[in-house]
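Quick notes on the structure that follows.
The values are calculated or read from the model by the stated rules, or taken from the named source; none is laboratory data. Nothing here was measured: the structure is a model prediction, and the numbers come from that model. Every residue, glycine as well, gets a Cβ built from its backbone with ideal geometry; the counts of neighbours run over all protein chains shown.
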Amino acid sequence: MRELTLPMKAEDIEQLCAFDQILLTGKLYVGRDQVHQRLYDLISQGRSLPLDLHGQAIYYMGPSPAPEGKIIGSCGPTTSARMDRFTPLLLDQGLKVMIGKGPRSSEVVAAIGRNKALYLQAYGGCGALYAATVKQVRTLAFPELGPEALLEMQVEHFPVIVAIDSHLGSVFDRA
């Protein structure tokens, strides 16, 4: 299993292939439907974003409340397709890595290829495992959204599999 640092370098993205298993360490942003809608609206209105998307990774995660003494509760992946209508624009604005679960639309796949990006699959049902990789978490923007806010997490050895690589190799193409 290969270990990589976030944000990922272009040469690391270029070398990864569908089915590669990797461990991520570094800064990972968390955003779901409402965050994507807000980022999309800000870009569409020509307004500044609460983060620089260039080269960044975003995790589609459904966090649970943090138990006493813990940084975060269970934090497994959520279905990526819910973000598909917003994703091509975010990729065109510099986003390089998305992490979630499930297949993506043809528009997202095309945007991955056009932007030499990656879609990584997190393992469903492993929310407690992922919580153990989180070393720090803070709300970056949209705190009024509660668990749907834009978060910034520091992770160590966060396990994923390359689902769609920058050359458009895909785990979803196999019968």
Asp33, sole failed condition from (1) over 16 Å from Arg138 (Cβ atoms); (2) touching a strand residue (DSSP E or B) at 6+ places or on another chain (Cβ under 9 Å):
(2)
Would region 85-95 turn up any residue that is in contact with a Lys or Arg (Cβ under 7 Å, 6 or more places away or on another chain), at pLDDT 95 or above, outside any strand (DSSP E or B) and buried (at least 20 other Cβ atoms within 10 Å of the Cβ)?
no
Go through region 72-125 and report how many residues are more than 20 Å from Met8 (Cα to Cα) and of a type in the set (Val, Ile, Thr).
3
Flag for Gln93 being closer than 24 Å to Ile43 by Cα and of a type in the set (S, T, N, Q)
yes
If you go through region 19-32, how many residues are closer than 20 Å to Thr78 by Cα and not in a strand (DSSP E or B)?
3
Does any residue in region 44-58 that is closer than 13 Å to Lys27 by Cβ come within less than 7 Å, Cβ to Cβ, of a residue that is surrounded by 15 or more Cβ atoms within 10 Å (Cβ to Cβ) and among the polar types (S, T, N, Q) six or more places away or on a different chain, and which pairs are these?
Leu53/Gln93
Odd one out for Arg38, checked against (1) closer than 13 Å to Val97 by Cβ; (2) buried (at least 17 other Cβ atoms within 10 Å of the Cβ); (3) touching a residue at least 60 places away in the same chain (Cβ under 8 Å)
(1)
Here is a check on your reading of the model: is Thr133 buried (at least 19 other Cβ atoms within 10 Å of the Cβ), farther than 21 Å from Ala18 by Cβ and polar (S, T, N, Q)?
yes
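How many of the residues in region 97-113 are assigned to a helix (DSSP H, G or I) and touching a residue at least 40 places away in the same chain (Cβ under 8 Å)?
Within region 97-113, the subset assigned to a helix (DSSP H, G or I) is 106-113.
Filter once more, keeping what is touching a residue at least 40 places away in the same chain (Cβ under 8 Å): 109, 112-113.
Qualifying residue count, region 97-113: 3.
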Which one of the conditions (1) crowded, with 17+ Cβ neighbours inside 10 Å; (2) out of contact with any Asp or Glu (no Cβ under 8 Å at 6 or more places or on another chain); (3) farther than 22 Å from Ile161 by Cα does Ser64 fail to meet, given that it meets all the rest?
(1)
Out of all the residues in region 142-174, which are surrounded by 15 or more Cβ atoms within 10 Å (Cβ to Cβ), in contact with a helix residue (DSSP H, G or I) (Cβ under 8 Å, 6 or more places away or on another chain) and outside any loop (DSSP other than H, G, I, E, B)?
Leu145, Glu148, Leu150, Val155, Phe158, Pro159, Ile161, Val162, Ala163, Ile164, Ser170
